[in-house]
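The values are calculated or read from the model by the stated rules, or taken from the named source; none is laboratory data. This one's a predicted model, so the numbers in the text were calculated from it and none came from an experiment. Reconstructed Cβ throughout: ideal geometry from the backbone, glycine too, with neighbour counts over all protein chains shown. To get the accessible areas, we keep the full protein, side chains included, count just its heavy atoms, and leave off ligands, DNA and RNA. Shrake-Rupley method; radii C 1.70, N 1.55, O 1.52, S 1.80 Å.
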Amino acid sequence: MRTTALARIAVGVMVERRRARSAWADFLWRPVSVFTGSPSAAPWTPLGIEAETTLFYAGEAAIELHRTETSSYRDNLASGAPALWIVLRPTASEPPYELVAVTADPAEGEGLTDAGNNLVEQVPIPPDIAEMVGQFVAQHHIDRPFVKRQRDGQKLPNRKKRMSSD
């Protein structure tokens, strides 16, 4: 698939599996963190077990940065709680999820929640990734003033006024 991204940040994703207290599900899954780079571990390698919780390395993804989205990245970084959005898609086999995407764009993250059964979670953005995104914004952002569209002055054809029959 061809991309228009000007920069890519390779990241690894950590996912938590917690035993559910439910008759309908055995486990609850959720992304918990992201880190830069890619470890030598294979995707879905268990990294730690604590009581009823297991931490997994879910795999590697790339945060793609686009010049046209710099205002969204800037707003995310200035929000007071900057985040990344992680998307996991359910599979019909083991492992139960596949890593689909990681994004720093809040609008894209929200848009990815519309895709049916996908698991989309926000996680805090690590400082080193926030710095890389901030550098990208500083290098590529262009302020575009909002321009209100003016009417062209054309009149609509005469129409009969509707009478309400209330």
Check your understanding: Cα axis of helix 127-140 to longest principal axis of the chain: angle in degrees, 0 to 90, nearest 10?
Key -> 30
Exercise for review: Would you mind working out the magnitude of the charge dipole of the chain relative to its Cα centre, with +1 at each Lys and Arg C-beta and -1 at each Asp and Glu C-beta, to the nearest 20 Debye?
Suggested key: 1380
Revision key, fill the gap. Taking the range 74-124, the whole-percent share of alpha-carbon pairs separated by over 13 angstrom is 57
Review point. Which whole-percent values make up P(r) of the chain when all C-alpha to C-alpha distances are grouped in 10 Å steps starting at zero?
Key: 9, 30, 27, 13, 8, 7, 4, 1
Check your understanding: If you roll a 1.4 Å probe over the heavy atoms of the protein chains, what accessible area per residue do you get for the chain, in Å²?
Key -> 72
Review point. Ranked by accessible surface with a 1.4 Å probe, highest first, in what order do 152, 75 come?
Key: 152, 75
Review point. If you rank 3, 68, 54 by how much accessible surface each has, with a 1.4 Å probe, what is the order from largest down?
Key: 68, 3, 54
Check your understanding: For the chain, which whole percent of the accessible surface, found with a 1.4 angstrom probe, sits on carbon and sulfur atoms?
Key -> 50
**Study point:** the range 77-117 residues near the modelled residue 30 label - backbone nitrogen below 15 Å, point 7 Å along Cα→Cβ
**Key:** 84-88
Practice item. Would you mind calculating the gained length between residue 41 and residue 141 on full extension (0.36 nm times residue separation, minus the Cα-Cα distance), in nm to one decimal? Key: 32.4 nm
Exercise for review: Work out Dmax and Rg for the range 62-154 from the C-alpha atoms and quote the Rg first, both in angstrom.
Suggested key: 16.9, 62
